[in-house]
Each structure stands twice: as C-alpha cells, then as structure tokens.
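Quick notes on the structure that follows.
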Amino acid sequence: MWGASRPVGAFVCVLVLSAGAVSAQTRYVAFGDSITEGVGDDPARAELGYPPRLEALLQQAGRNAVVVNRGVGAERTPEGLSRIDSVLAEGGDVLLLMEGTNDITRFISHETTIFNLRTMAERAEAQGFEVVHGTLIPRIPDARVDADNIGNNRLNHRIRDLAGRDGRDLADHFEVFGSLEDPFSTHYSQDPEDHVGHPNARGYDVMARTWFEVLVGTDAVPPVAGRTSPNYGAIEVSPTATVSVDVWDFGAGIDLTATSLVLNGVEVDAELTGGARGANLRYRPERPFEGTVRVALRSRDQASPANTVDREVLHFRIEGAPPEDGLSGDIDADGRVDGADLVRLALAFGADRGQARYDTDADLDASGSVDGEDLAILSSNFGRTGTGGQGLSLLASAR
C-alpha cells in the first residue's frame with residue numbers, strides 16, 4: 001500500500017562518481033508555472049526564481065550540478081502535460097515537478113491535477129529521470145480564489161500521497177512556508193496585481209533551500225498529513241463517519257510510537273497501520289459525533305533532533321449541525337458565500353451521489369443530489385461573510 005522510497009541523494013551520488021578528477025555533471029530540470037519561472041523575484045537579478053539559487057547551493061556543496069529553469073507563467077497541469085515531452089527531450093537527470101496552483105484558480109478538479117502530475121512523472125521516469133515532487137506554497141489572504149487555502153490544503157494532501165505511494169521524494173514548500181513567521185509580509189511579493197501569491201527574493205531563497213535539503217538528504221520537515229476522510233472543511237458529514245488521516249514522512253521516518261490523533265482536544269485510540277515512510281490513522285467514534293469536529297495530528301520523526309508536529313489537520317461539520325459562522329452555502333469553507341461557491345455548485349449541478357461529478361460539499365441539504373434545493377440554500381446567503389475560514393490555521397506548524 002505504501003510506496004517505497006527511492007532517495008534522490010543516493011541517485012545523485014551514483015551520478016557524480018567518476019574515475020577521473022572531474023565528476024559527472026547532474027542536470028536538474030525545474031518544471032512548473034510562474035512560481036518556478038521566478039515571478040515576484042528581485043528584477044535586478046540576472047536569473048530569477050529558485051533554480052539559479054539551487055544550482056549555487058549544490059555547487060557550494062561540491063556537486064557538479066546545473067539547474068535549468070523550465071517554468072512557464074500561468075500554466076496549468078493540462079498545459080504542462082502537453083509541454084512535458086519537449087522538455088524531457090532536452091535531456092536531464094532529475095525532474096523537479098511543482099505545478100497546480102493555477103488549476104485551483106481555474107477550478108480544475110484535484111483528481112485531474114493529480115492524474116496530470118502522475119502522468120508527467122511517469123513519462124519522465126520512462127526517459128530515465130528521477131522525479132521529486134513539490135507541494136504548492138500557500139496562497140495569499142487576498143487571493144481571488146481559495147484565499148483561505150482550503151483547496152490548496154486538500155490538493156497538497158493529495159500531492160503528498162502521490163509522492164509517497166509512488167515512491168518519490170517530496171519538497172514540502174507548503175509545510176516550510178507555513179513554519180515561517182508572518183510569511184505573507186516577509187517572503188511574498190507585495191505586487192497589488194498578484195492575485196495568487198508569488199515569493200519575493202527571500203521566498204525564493206527558502207524554496208531553493210527546501211529543494212536542496214531534499215536533494216542532499218537533510219531532514220528538516222516533520223511528518224505531514226496526506227489525504228483525509230472526511231475532506232478538510234467538509235459539511236453534512238455522517239455522525240458515525242470514520243476519521244482517516246494518511247501520515248507521511250519523506251526524511252528519517254515517522255516515530256510510530258509517538259503518533260496519534262487528537263479530536264476536539266482529546267487524544268483518541270486510533271488504529272495505526274503502515275510503516276515509518278507512510279502510515280494511516282483511523283478512528284471510528286464510540287458515539288455519534290456532534291457539531292464541528294476538529295482533528296489534530298500529533299507526531300514526530302526519527303531525525304536527531306526530531307521534527308515534531310501537533311496541530312489541526314482536519315475539521316468537518318456533522319449533518320444537521322448549524323454552521324459555526326451561521327452560513328449555509330459556504331462550500332469551500334472560506335468564511336464567505338461567493339462566486340467560488342457558486343462555481344463549485346454549478347460544476348456538480350444535476351449529479352447524484354456515486355456519479356463522477358457529484359460533490360459532497362455542494363450537496364448542501366445532504367439529499368444525495370446537487371439540485372435546485374442546494375442552489376436555493378446558497379442563494380439565500382450569497383454575498384454574506386461569517387467568521388469561518390480556518391484554512392490558514394493549517395499554516396501554523398509546531399516544530
């Protein structure tokens with residue numbers, strides 16, 4: 001079930017061995033969108049983004065490395081999938097794959113994004129590349145779409161599962177940026193026309209360091225949550241639902257003896273399966289849930305010193321429970337009922353439970369169909385803002 005690790009550091013070590021005094025050069029290909037391209041960086045720099053910084057770090061560490069920048073602004077994963085073959089044809093050894101934030105902006109489903117990322121990775125491996133996935137950085141608080149990082153969290157959970165189950169390494173930019181103090185004011189571009197969130201020069205320094213640590217085998221990230229059930233921010237959940245949280249560690253491994261779930265402030269006896277690379281925590285309630293359920297992951301890894309985590313990774317609302325913010329129709333749980341919620345409902349409109357287009361969160365009355373009754377609920381609160389929007393709480397990482 002859980003993927004076996006294929007450490008990039010070991011792969012690179014093989015590449016750099018040489019019978020002569022000069023080691024073989026390793027070619028890293030940075031593939032992604034404008035955050036790879038370097039939008040938001042200091043314009044005075046000759047080369048933008050994390051790739052030139054990463055190249056410098058690798059060379060300073062004694063690696064004969066070149067990092068080429070193949071980022072294209074505004075690209076979504078369907079376009080990346082169309083472009084990847086031409087980039088792979090240029091040759092290389094390691095593909096650094098980080099893309100998907102524009103999929104969120106354009107309401108491309110997470111399933112489609114993950115399919116595209118997996119296909120790109122598999123094509124690269126077929127060409128002899130090693131592949132390292134990257135999670136997406138947090139979106140800024142005034143982003144036009146997903147300002148509270150609900151969708152971003154869910155997609156990053158899936159990216160972690162993709163990397164873990166397929167046996168690839170992961171540079172967890174979302175986790176690292178979330179550990180920074182006030183990252184949006186210190187590590188992000190302040191361009192008023194930026195409606196997603198691009199790093200500034202300091203932010204690209206952090207990204208380069210995050211890739212670098214993975215490539216050389218330095219473990220600075222604690223265990224992280226993969227896919228959860230129910231989804232983060234889900235509503236109208238059965239009161240007897242089983243809580244499931246995948247846990248991954250892409251470094252020294254999970255300390256399984258110190259890993260647990262905490263529900264509404266109380267540590268519970270969750271079933272733990274899996275191993276040090278990837279595990280699953282599963283809890284079936286002894287009595288029906290009520291209201292809003294908040295689930296925290298408490299864990300540490302086997303690094304020395306250990307990287308630790310103790311924070312909320314999931315919250316969901318039980319069917320029939322009133323919203324904490326008094327809002328019905330807030331499908332994406334960002335604290336307001338707006339056009340993003342309407343789009344989500346429209347994409348699932350007419351679908352019944354079990355069909356591919358069905359969206360549990362858009363089925364506001366839990367009838368099993370996304371229909372006019374759900375549209376009426378959303379319309380009754382359209383334009384209202386409440387006190388919800390817990391997405392940014394996931395950025396507060398305890399180490």
Ordering 113-126, 145-158, 364-377 by per-residue average of other C-beta atoms within 10 angstrom, highest first, gives 145-158, 113-126, 364-377
Taking Cα atoms, the helix 77-88 axis meets the longest principal axis of the chain at an angle in degrees (rounded to 10) of 10 degrees
A student applying the Cα gyration tensor rule (rounded when a/c is under 1.5; otherwise prolate if a/b is larger than b/c, oblate if not) would label the range 224-318 prolate
With x for Gly and Pro, the residue-by-residue ³J(HN,Hα) of the range 249-257, computed from phi through the Karplus equation 6.51 cos²θ - 1.76 cosθ + 1.60 at θ = phi - 60° and given in whole Hz, is 9, 9, x, 6, x, 6, 7, 5, 6
Summing -39500 (n - 2.57) over every DSSP H run of at least 4 residues in the chain and dividing by its residue count gives a helix-only mean residue ellipticity at 222 nm, to the nearest 500 deg cm²/dmol, of -8500 deg cm²/dmol
Scalar couplings 3J(HN,Hα) for the range 274-285 by Karplus 6.51 cos²θ - 1.76 cosθ + 1.60 (θ = phi - 60°), nearest whole Hz, x for Gly and Pro, are x, x, 5, 6, x, 9, 9, 10, 9, 9, 9, x
A correct Karplus calculation of ³J(HN,Hα) over the range 200-205, with 6.51 cos²θ - 1.76 cosθ + 1.60, θ = phi - 60°, whole Hz and x for Gly and Pro, returns 8, 4, 5, x, 5, 4
Taking Cα pairs closer than 8 Å and at least 6 residues apart, the relative contact order of the chain in percent is 15 percent
Here the percent of antiparallel bridges among DSSP beta bridges lying wholly in the chain, to the nearest 5, is 65 percent
Percent antiparallel among DSSP beta bridges confined to the range 224-318, nearest 5, equals 95 percent
Dividing the mean separation of Cα pairs under 8 Å (6+ apart) by the residue count of the range 8-216 yields a relative contact order in percent of 24 percent
The exposure ranking of Asp361, Asp85, fewest beta-carbon neighbours within 10 Å first, is Asp85, Asp361
Amide H neighbours of Glu130 at under 5 Å, excluding residues fewer than 5 places away on the same chain, with H built from the backbone geometry, are Val94, Leu95
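Quick note: the coordinates plus some simple rules give every number you see, no bench work behind them. Just so we're clear, the structure is a prediction, and the values are computed from it rather than from any experiment. Every residue, glycine as well, gets a Cβ built from its backbone with ideal geometry; the counts of neighbours run over all protein chains shown.
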